[in-house]
Structure formats: structure tokens, C-alpha cells
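The structure appears below as C-alpha cells.
All of the numbers you see were taken from the coordinates with simple rules; none came from a lab. Remember, it's a predicted structure, so these values are computed and weren't measured experimentally. Neighbour counts are summed over all protein chains in view; Cβ atoms, including those assigned to glycine, are modelled from backbone coordinates with ideal geometry.
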Protein chains: 2
Amino acid sequence: MTRHRVRVPALRGKMTLGPAETRHLHVLRLRPGDEVRVFDGQGAEARATVLELDESRAVLELGEETAGASETPFPLTLAVALLKGDKLSEVVRAATELGVARIQLLVTARADAREIGEQKLTRLRRVAQEASKQSRRAVVPDVLSPIPLGALHWTGRLFVAQPGAAQRLGDLLDWTAPVTVLTGPEGGLSDPEVAGLLERGAQSVTLGPRILRAETAPVALLGAIAAYGA
Amino acid sequence: MTRHRVRVPALRGKMTLGPAETRHLHVLRLRPGDEVRVFDGQGAEARATVLELDESRAVLELGEETAGASETPFPLTLAVALLKGDKLSEVVRAATELGVARIQLLVTARADAREIGEQKLTRLRRVAQEASKQSRRAVVPDVLSPIPLGALHWTGRLFVAQPGAAQRLGDLLDWTAPVTVLTGPEGGLSDPEVAGLLERGAQSVTLGPRILRAETAPVALLGAIAAYGA
């Protein structure tokens, strides 16, 4: 079944898309007759068939509704620096509620911690399982053992929360590909770390002009994504 | 000094505003020669004078830079239902980092708690003070004693996080007035409570299709506002 998903204002028998969503169909190289998934960002999701498609306008026909409605259109990953004490538990719990499919732990230059015990990792995985159940998700996010920041690979888009960043998440997020959000340790990522990420195609985004704790930043950033309706 | 603030992409000697921001100047009944504040959402803020103003375009001239750059353009209030245990401390701490000017505690129909001790209130105020300092704000948010939801009054806009809401915060937030965000207790607000708020002009906004804990929702919602750059 098609993995391509298109956001629509509401699931209707025939859905006419405006220029932005139509461009998205062209980017995906879709043609009349192709199948996509449509979602309204509120939990409703269905199959749909492309009926008409021209330069700036497309018409889709609704098919059967599908499950998986509490998952984001493409997988959402949180890449988060190791934090001291029990802070990671709270981050894992909130991130699970906010829809992440994976949590990748990171070792960074200004690391609060450089490693994590097997027992603690097991505990984080249990937290993800509990939180997934509580928030009625069908998916339990993977919590992946820490890797150095330089070894992080991603597909789609990576957004890094950066004090003083000029760009806003809402202006960049379009859910046409998987999304990774990355937040640093207490004290932040180092300048070379940020520069390295941007060179590799990451985009820095603002979380406002104040200093956030390392455990608040991921929840705020994932909250911003959730507020986008996905 | 003027309280009117206008968001600009960057602080420059002469700043030309597009139709949306120009409409905002008309709403504020400003005329050439009037003074406003301009801010870039990244912490820079300055005085500016309206040089030209027609239907869909305005030109502002930059004045001196001003302080208060880590505060939102208009006051941001969090109205939050009483929560059990120490959950409110975490909410107050994160809300302070995320820029709220006031935290109004609420008694709601499905209240986790119906009152709060004087000692606990004092503790919450101390948490706000510490968090304000840590996030380098000049302002310490007020933490106001609980009132019944029906007694809540607000000026400007009120956004209530509501599962299944159709509207997105990013499509509604424009910082032309004070903003209040409201989140409920574990189990949510009752239907009559939500209906009452909407009748009084509140707007419900989505935080995605999953169920959030009562202590996650305010951080997610305020995170979404912070990601708007203010």
C-alpha cells in the first residue's frame, strides 16, 4: 500500500486540493489513478485515488478509512543528548505521548553523561511502553542505545532547536518526508556540532528568545509539531 | 511609550511591511508619525516610527533598540487546572522557561484537586522565581490562587487545547493581543465547560490525535507558541 500521505482539511467523497498540496503530489510524481493516503491531522485517515491532476489543482476520491490514525504521516524521530539523573524518563514519556516513532540517544561534546547503563536503557524502554498505552497508541517507540552525534544518519528532514535561530518550525514542516528533531544537552550543542549538522542538511529552528532546560526543549519542539495537527 | 508591537523579519533602518502586518497597523488605528515597537521574534526589539502607510503596504523607520527582548510581544497567560502531587511544579517550571507572564490555577469539574494549600502555592511561586532566573528572564510570572473556571476572565485571545479540535494554533496566533492558553485536568474539561469557553470567544486548538497527560499538554502548547518565535 502507498506510503504517500496528503493532508486534507476534511475527509470527503471528493476532495479538491489547492496549489500547495497539488505541488506536493507533483513532487511525489503521482498521476491520475495513483493511490495516496489522506489524513486530516485530527486522527482520521483513509485511502484515496487521484482523479484529476493539473498544474495547481487536484481532485481526490475517498476510499476506505484506515487505521494508524494516531501516528504521524511519516515517522517522527527524537534525537536527544544523554541527560543526567531521571530526566530522560520524563523526556521519553512526553515524547511518546507526542507521537515519536523512535528515540535515538546521542553522545555530544558537552554531554551531561557519556554513557547509559543497560538497566537504565531497559527502564526507558518500559517507560515508552507504558506511555504508549496511556496515550492509546498502537506503536511503542524504539529507544536506541546512544551513538555519537557524528554517527547520526537520517532520511527526510532534521530540525535542530537552536537559540537565536531565524527560522520557524511552522514555516518549514510540511510532512512530505520523515522528520527528526534534535535537542542538545544542558549547555547546548557546540558550534562545530551545529555547523556539522547544518552542512549535512539539517535546519535550525527557534524555540523563542529564552534559555530552555535540556529536558524542556524536546517537549516544546514535539509540542510544536503536534500543534501542527499530526 | 507605545505598547503596540509589530513583528518584522529583521530589524533594519527602513522596514517595509506586507499586507498582513499592514492590516495589523490599520487595526491598531495607527497613522504616519506614530510610534510602534518592532520585534523579530529572536530577542531583538526596538522602537520604530510609521513613515508611510497605505492599504496594503507600510514603511517603518527603526529607532533605538529596547530591552525586554526575552518577553512575548503581549503578555502570555497559562490557565491550568489543579493537578495532583508535584505535577504543577513541573508545569510552572516549564511554563516559566517558555515565557508566560502569569499562571492562573483553575478549579474544574473533573478536578484532580479542588484546592491547594498556602504552603504549596508558596512553593510554586518559588519555582517560578528560580525558573525565571535560570532562563534569564527579567520577569517572574505570577502564580495566582485557584478560581473556578467560570470566573476566568481574559483579554485578547484564549486558546484551549482540545482533543479532536480542527483548528491549528499556528493558523490563529498572530500576537496582536494578549494570549491565554488553557489546559484541563486529567480526564479533560467537561463538554459544558468547553462549550462555555467557546461561547465566550475562546478557540479550541489541536495538539494532534493522541491523548496527552494533563501535565504534558501545557508544555506542548506553550512550546508551540515559543516555536512561533515569541
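Some points to look at:
- Net charge over other residues, Cβ less than 14 angstrom from the Cβ of residue A:104 (K, R count +1; D, E count -1): +1
- Evaluated with a Cβ-only charge set (Lys, Arg +1; Asp, Glu -1), the protein assembly as shown carries a dipole of roughly 680 debye about its Cα centre, given to the nearest 20.
- Pairwise Lys count, chain B - Cα closer than 23 Å, eight or more residues apart or different chains: 4
- Rel. contact order, % - alpha carbon contacts under 8 angstrom, at least six apart, the range B:76-228: 31
- Among A:128, A:202, A:165, residue whose mean-square fluctuation peaks in a GNM of chain A (springs only between Cα atoms under 10 Å): A:165
- Cα convex hull of the range A:62-114, projected area averaged across orientations, nm²: 4.5
- Within the range A:51-154: Cβ-based charge dipole about Cα centre, in debye rounded to nearest 20 (Lys, Arg +1; Asp, Glu -1): 920
- Per-residue extension of 0.36 nm, minus the Cα-Cα distance of residue A:14 and residue A:186, leaves a gain of 56.9 nm for this segment.
- Remark: C-alpha extents of the protein assembly as shown on the principal axes read 60, 55, 53 Å, sorted largest to smallest.
- Neighbouring partner chain Cβ atoms per residue of B:156-164, average, 10 Å criterion: 1
- Residues of the range A:10-41 falling in the label zone of residue A:52, defined by backbone nitrogen less than 12 Å from a point 7 Å along Cα to beta-carbon, are A:15-17.
- Between residue A:115 and residue A:142, the FRET efficiency estimated from the beta carbon spacing at R0 = 22 angstrom works out to 0.75.
- Under the criterion of Cα pairs below 8 Å and six or more residues apart, the relative contact order for the range B:1-106 equals 24 percent.
- Total formal charge among the other residues, if their Cβ is under 10 angstrom from that of residue A:6, Lys/Arg +1 and Asp/Glu -1: +2
- Net +/- balance of residues flanking residue B:23 in space, Cβ distance below 11 Å, scoring K and R +1, D and E -1: -2
- In plain terms, the residue of B:116, A:147, B:225 with the fewest other Cβ atoms within 10 Å comes first and the most crowded comes last, giving A:147, B:116, B:225.
- Chain A - charge dipole about Cα centre, Lys and Arg +1 at Cβ, Asp and Glu -1, debye rounded to 20: 340
- The range A:5-66: C-alpha gyration tensor shape, a/c 1.5 cut-off, then a/b vs b/c: prolate
- Cα-Cα P(r), the range B:1-156, percent of pairs per 5 Å interval: 2, 9, 16, 15, 13, 11, 10, 10, 8, 4, 2, 0
- Site pair residue B:66 and residue A:200 shows an inter-label distance of 4.3 nm when each label is modelled 7 Å from Cα along Cα→Cβ.
- Look at the alpha carbon pairs under 8 Å that are at least 6 residues apart: their mean separation over the length of the range A:58-114 gives a relative contact order of 42 percent.
- Membrane-span-like helices in chain B, defined purely by DSSP H runs whose alpha carbon atoms cover 15 Å or more axially and whose average Kyte-Doolittle hydropathy reaches -1.0, are B:87-97.
- Percent antiparallel among DSSP beta bridges (both partners in the protein assembly as shown, rounded to 5): 40
- For chain B, built as a Gaussian network whose Cα springs stay under 10 Å, the top-fluctuating residue of B:205, B:181, B:50: B:50
- Counting other Cβ atoms within 10 Å as a rough exposure proxy, the listed residues A:153, A:4 run A:153, A:4 from fewest neighbours to most.
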